[in-house]
Amino acid sequence: MMFLVAFIFSLIATAQSTYIVTCHNNNECGTVCGYYSNDMVAPTEGLFGTSCKCQSGSTVSRCKAMGYDIRVCSDYKPPYCSTACGQSICISKDGRRTTGKILSACPKNHPVNTQQCCEHPNSKDYCTCVIQDTLDLNAQPYAVLGNSNGYASNAVWGACSSQLASLAIPINSSRASELVKPFLRDGVWCAAREKEYRVNVNAICNGLDENKCSLTDGCVYCTSNIKFLKPDCLNKHEAEVLTHIIKTENGEDKFTCSV
């Protein structure tokens, strides 16, 4: 009986986990946000507020796979998507962890995703964006996590070791999907050849004292009267997200940053 209970809990944990695959490179990963980075990540629909809709407004059945009716946009064009452009997440898998930046989406009705699934109808790896929560990783973060597909043990909002990540907000939670709404951006999924490649460089701020922080571009000094957040110099992007989260859940006066 104990084995059966443990097995059931294992199944439940797996069902609630996020699957990790790779899109290999910028061109295959595509972008919703209009630019690329080596650490880019594409969540599937329903994960971390990500959503997509067909340009035609409708879908048609393409095949049956893994017990699902696999549907593709009726115009066979890439869909419009909304995703958390520029947000960093910390992904853990097989005892390793890495930071990824959300710049794309993995749409379930995309013509390429559905074609791969229909060509391999019994493969979770080829159908994963279509049938379950998935993070499609560029080659760099995929390599750090071991160069293999599989379930992440955790994926939380914020760069690894950041104050934001210390809040431990799982990106596959309803809490994350609600809090991330102000940071969602709309775009058309497109390939690298259709957009100029550029790298988004973030200022390195953590550990700077208040005076040095105020003199460093892209940095802001923040204080909090919440015990689990220490005063620190933060990247303005991280500070913006933390300010929104803390004020939403704890009140206006709990977290403040210098202008």
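Here residue 155 passes the criteria (1) assigned to a helix (DSSP H, G or I); (2) out of contact with any helix residue (DSSP H, G or I) (no Cβ under 9 Å at 6 or more places or on another chain); (3) touching a residue at least 40 places away in the same chain (Cβ under 8 Å) except the one numbered (1).
Mind listing whichever residues of the range 208-259 are part of a loop (DSSP other than H, G, I, E, B), under 13 Å from residue 166 (Cβ atoms) and within 27 Å of the chain's Cα centre (by Cα)?
Initial filter on the range 208-259 (part of a loop (DSSP other than H, G, I, E, B)): 208-209, 215-218, 225-231, 251-254, 258-259.
If we keep only those that are under 13 Å from residue 166 (Cβ atoms) too, we end up with 226-230.
Hits for the range 208-259 are 226, 228, 229, 230.
Might you let me know whether the range 62-78 holds any residue that is in the same structural domain as residue 176 (by TED's automatic domain parsing), within 19 Å of residue 142 (Cβ to Cβ) and of a type outside the set (S, T, N, Q)? Scanning the range 62-78 turns up no residue that is in the same structural domain as residue 176 (by TED's automatic domain parsing), within 19 Å of residue 142 (Cβ to Cβ) and of a type outside the set (S, T, N, Q).
Can you name the residue in the range 64-94 that is over 25 Å from residue 182 (Cα atoms) and within 17 Å of the chain's Cα centre (by Cα) and, of all such residues, is surrounded by the fewest Cβ atoms within 10 Å (Cβ to Cβ)?
If we filter the range 64-94 for residues that are over 25 Å from residue 182 (Cα atoms), which is where we start, we get 64-77, 92-94.
In the following step, the residues that additionally are within 17 Å of the chain's Cα centre (by Cα) were identified as 92-93.
Values: 92: 15, 93: 25.
Checking each candidate, the answer is 92.
Only one of the numbered conditions (1) surrounded by 13 or more Cβ atoms within 10 Å (Cβ to Cβ); (2) in contact with a helix residue (DSSP H, G or I) (Cβ under 9 Å, 6 or more places away or on another chain); (3) not aliphatic (A, V, I, L, M) is violated by residue 253, and that is (1).
The values are calculated or read from the model by the stated rules, or taken from the named source; none is laboratory data. Everything numeric in this text was worked out from a predicted model, so none of it was measured. As a convention, Cβ positions derive from the backbone with ideal geometry for all residues, glycine included, and neighbour counts pool all protein chains shown.
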